[in-house]
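The values are calculated or read from the model by the stated rules, or taken from the named source; none is laboratory data. The shown structure was predicted, so the numbers you read here are calculated from the model rather than taken from an experiment. Heads up, the Cβs are rebuilt from the backbone with ideal geometry, glycines too, and the neighbour counts pull from every protein chain shown. Remember, those area values only see protein heavy atoms, side chains included, never the ligands or the DNA or RNA. Shrake-Rupley method; radii C 1.70, N 1.55, O 1.52, S 1.80 Å.
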Amino acid sequence: EALIWRSDLIILMGGHVPTQNRFFQEIKLDKLIANFQGVVLGISAGSMNAAGRVYAQPEAPGESAASFQRFLPGLGLTKLNILPHYQQAKDYTLDGMRLYEDVTFADSMGECFYSLVDGSYLLIEDGMTMLYGEAYRIQDGVMEQISEKDEIVLFVE
């Protein structure tokens, strides 16, 4: 049965990343939007689940445990792993550990994450990915600032 779109906009809202991801997998959202020609707007957890392979940064008690599944199949709208709300999460502790220094940096070995402050965003259009605003790259246990508030970074995916 063909799905008929009656909108030019899909909004993927925030929430708990693994819970949202499980719902997206259950409804097979990646297949439903595969040929969508409109705009997909990802906010918070929605931006994280837009990746092809999602990094579900721990956020709830108990999720810092090694048994917590941190990498999940995503929607495949980008190859970039986004971590939103950097200014809020940078000093967060979870289960007695510093979220970034003790958990995320360790998870970045062999991986690459982009942490954005609120107000920063990705725009993917015509095969080009542009990052607007303040952002940090976390890769192989090292974090570096890659852009300032009013800067643009171009990615080739």
In sequence order, what are the phi-derived ³J(HN,Hα) couplings for the stretch 37-42 according to the Karplus relation 6.51 cos²θ - 1.76 cosθ + 1.60 with θ = phi - 60°, rounded to whole Hz, with x for glycine and proline? 9, x, 9, 10, 10, x
Hey, if you put +1 on the Cβ of every Lys and Arg and -1 on every Asp and Glu Cβ in the stretch 23-118, which of 85, 40, 115 ends up farthest toward the positive end of that dipole? 40
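For every helix of n ≥ 4 consecutive DSSP H residues, a contribution of -39,500 (n - 2.57) applies; sum these over the chain, divide by its total residues, and give [θ] at 222 nm rounded to the nearest 500 deg cm²/dmol. It would help to have the intermediate numbers written out before the result.
On the way: 4 runs with 22 residues, N = 157.
Taking each H run of at least 4 residues, the total per residue is -3000 deg cm²/dmol.
Suppose every K and R has +1 on its Cβ and every D and E has -1 on its Cβ; what is the size of the dipole of the chain about the Cα centre, in Debye to the nearest 20? Could the numbers behind the result be given before it?
Values: 11 positive and 22 negative charges, 102 e Å.
The dipole magnitude comes to about 500 debye.
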Under 5 Å from the placed amide H of residue 41, counting only residues 5+ away or on other chains, we find 10, 11, 12
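Per residue, how much accessible area does the stretch 32-157 have with a 1.4 Å probe, in Å²? List each step's numbers first, then the result.
Numbers: 6600 Å² over 126 residues.
Accessible surface, normalised per residue, equals 52 Å².
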Let me cross-check residue 111: its accessible surface, 1.4 Å probe, with only protein heavy atoms counted, in Å² to the nearest 10? 40 Å²
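Leaving out ligands, DNA and RNA, what percent of the accessible area of the stretch 1-90 is carbon and sulfur, probe 1.4 Å? Intermediate values should be presented prior to the final figure.
Values: 2900 of 5170 Å².
That share works out to 56 percent.
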Longest principal axis of the chain (C-alpha) makes with the long axis of helix 17-26 (C-alpha) an angle, in degrees to the nearest 10, of 30 degrees
Candidates 123, 72, 80; GNM for the chain (alpha-carbon contacts under 10 Å) flags as most fluctuating 123
Cα-based count: Lys pairs in the chain below 24 Å, eight or more positions apart or different chains? 5
Relative contact order (%) - criterion: Cα under 8 Å, at least six apart; region: the chain: 16 percent
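How large is the Kirkwood hydrodynamic radius of the chain, in angstrom, based on all distinct alpha carbon pairs?
Details: mean 1/r = 0.0617 Å⁻¹.
Taking the inverse mean of 1/r over all distinct Cα pairs, the chain comes out at 16.2 Å.
Over the stretch 9-76, what relative contact order in percent results from Cα pairs under 8 Å that are six or more residues apart? Working shown, then result.
Working: 92 pairs, mean separation 26.3, N = 68.
So the answer I get is 39 percent.
Could you size up the charge dipole of the stretch 90-136 around its Cα centre, putting +1 on the beta carbon of Lys and Arg and -1 on that of Asp and Glu, and report it in debye to the nearest 20? Mind dumping the intermediate values first?
Values: 2 positive and 10 negative charges, 14 e Å.
Dipole of the stretch 90-136, to the nearest 20 debye: 60 debye.
Tell me, which longest segment in the chain has none of the trypsin sites (Lys or Arg not before Pro) that fall in DSSP loops with at most 11 further Cβ atoms within 10 Å? Before the final figure, lay out the partial values.
Numbers: sites that count: 6, 28, 149.
Of all site-free stretches, the longest is 29-148.
For 100, 132, give the ranking by accessible area with the largest first, probe 1.4 Å.
On the way: 100 5, 132 55 Å².
Ranked from most to least accessible, the order is 132, 100.
Please compute the net charge surrounding residue 25, taking Lys and Arg as +1 and Asp and Glu as -1 over other residues with Cβ under 14 Å from its Cβ. Walk me through the intermediate numbers first.
On the way: positive: 22, 28, 31, 53; negative: 26, 30.
Within the 14 Å Cβ shell, the charges total +2.
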³J(HN,Hα) computed for each position of the stretch 46-56 - Karplus, 6.51 cos²θ - 1.76 cosθ + 1.60, integer Hz, glycine/proline x: x, 6, 5, 6, 6, 5, x, 10, 7, 9, 8
